[in-house]
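Below: one structure, written as structure tokens.
The values are calculated or read from the model by the stated rules, or taken from the named source; none is laboratory data. Computed from a predicted structure; not experimentally measured. For neighbour counting, all protein chains shown are included, and Cβ atoms are generated from backbone atoms with ideal geometry for every residue, glycine included. Ligands, DNA and RNA are excluded from the accessible area calculation, which covers all protein heavy atoms including side chains. Shrake-Rupley method; radii C 1.70, N 1.55, O 1.52, S 1.80 Å.
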Protein chains: 2
Amino acid sequence: MGKINQAPPATCPVDYAFQRIGGKYKGRILWFLGDGVKRYGQIRRSISGITPKMLTQVLRELEDDRLITRTVYYEVPPRVEYTLTETGRALIPSIQMISTWGQAQMQHQGITAMPLEEGEE
Amino acid sequence: MGKINQAPPATCPVDYAFQRIGGKYKGRILWFLGDGVKRYGQIRRSISGITPKMLTQVLRELEDDRLITRTVYYEVPPRVEYTLTETGRALIPSIQMISTWGQAQMQHQGITAMPLEEGEE
DNA sequence: CCGTATCCTCTGGGATACTG
DNA sequence: CAGTATCCCAGAGGATACGG
């Protein structure tokens, strides 16, 4: 914990933001966490195709950038929960808008979104 | 020209969107074009550090994805203008919000990167 | 002015196996 | 359950030079 960031200095706010939420999975993970606190396994199942290595790596980066918090419960079996920080939560409206845009484009191109299932408990 | 897209099928709207506006420069370029029609050289000078190869490549991808249009004026010297499509323009509010978020975070971290007037204490 | 053409480096991300 | 540990590679991005 606690690196804050070692990315190249941002040239502008847009650059700064995309350095933190760019990449293949971060947008989707933040969006999923916008729904509420989630466990590692829940995130893994919601982000289709991600490997445990990548998931852990991306979660640590988001944590280092103070967009999410990680809470460990020392139980058996282990439980680890991830949730948005206030800073992270502040991004959700933007991602919401981007998602709405994406949905419109997908429909316009005749693409049907793959159903996302989550569940059990 | 006119490939639309050959990216892997999007798993959700957020994924779809980030496949199109992700990468190191696309956000900044779209944001700059939100200001109005721009020439190649103007974009190049506004996106610090980008090489002509990368700029052309990224502009072609944005064009293929119908986010911008490219207009060539056969004059001497040559003039090429880029402008947002309606689809591309629909992204600007999202980028505006992301930029505002980024600006807040940069200030919160004491970063002063842009030649941009600001109030502080 | 607006790009192409080469060549090259680096790293984001993947495959697979293992552990507290 | 929630991760680590290795090994590996395609492709994003960079450096440099040239062309209509």
query: Looking at A:Thr100, A:Thr11, A:Thr83, A:Thr87, which is the one that is farther than 21 Å from B:Ile95 by Cβ, among the β-branched types (Val, Ile, Thr) and modelled with pLDDT of 95 or more?
result: A:Thr83
task: Identify all residues within segment B:75-96 that are closer than 21 Å to A:Ala17 by Cβ and in a strand (DSSP E or B); write none if there are none.
output: B:Leu84
query: If we scan segment A:21-32, do we find a residue that is over 17 Å from B:Thr11 (Cα atoms) and open to solvent by less than 70 Å² (accessible area, probe 1.4 Å)?
result: yes
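State whether one or more residues within segment A:81-99 are more than 8 Å from chain B (Cβ to nearest Cβ), under 22 Å from B:His108 (Cα atoms), without any contact (Cβ under 8 Å) to a residue 12 or more places away in the chain and open to solvent by 40 Å² or more (accessible area, probe 1.4 Å). Explain how you work it out, then say what you get.
So the first thing to find is which residues in segment A:81-99 are more than 8 Å from chain B (Cβ to nearest Cβ), and the list is A:81-86, A:88-89, A:92, A:96.
Filter once more, keeping what is under 22 Å from B:His108 (Cα atoms): A:83-86, A:88-89, A:92.
So of that shortlist, the ones also without any contact (Cβ under 8 Å) to a residue 12 or more places away in the chain come out as A:86.
Now narrow it down to the ones that are open to solvent by 40 Å² or more (accessible area, probe 1.4 Å): A:86.
Yes: segment A:81-99 contains one or more residues that are more than 8 Å from chain B (Cβ to nearest Cβ), under 22 Å from B:His108 (Cα atoms), without any contact (Cβ under 8 Å) to a residue 12 or more places away in the chain and open to solvent by 40 Å² or more (accessible area, probe 1.4 Å).
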- prompt: Taking the stated definitions as given, is B:Gln6 within 19 Å of A:Gly23 (Cα to Cα), without any contact (Cβ under 8 Å) to a residue 24 or more places away in the chain, within 14 Å of chain A (Cβ to nearest Cβ) and open to solvent by 50 Å² or more (accessible area, probe 1.4 Å)?
  reply: yes
- prompt: Do the conditions hold for B:Lys38, that is, is it within 12 Å of DNA strand C (Cβ to nearest atom), in contact with a helix residue (DSSP H, G or I) (Cβ under 9 Å, 6 or more places away or on another chain), closer than 19 Å to B:Ile92 by Cα and open to solvent by less than 60 Å² (accessible area, probe 1.4 Å)?
  reply: yes
Segment A:45-58 residues that are free of Cβ contacts under 8 Å to residues at least 40 places away in the same chain and closer than 21 Å to B:Pro13 by Cβ, paired with ones that are outside any loop (DSSP other than H, G, I, E, B) and within 6 Å of DNA strand C (Cβ to nearest atom) (beta carbon under 8 Å, 6 or more apart): none
query: Residues that are within 11 Å of DNA strand D (Cβ to nearest atom): which helices (runs of 4 or more DSSP H) entirely in segment A:21-74 hold 1 or more of them?
result: A:40-46, A:52-64
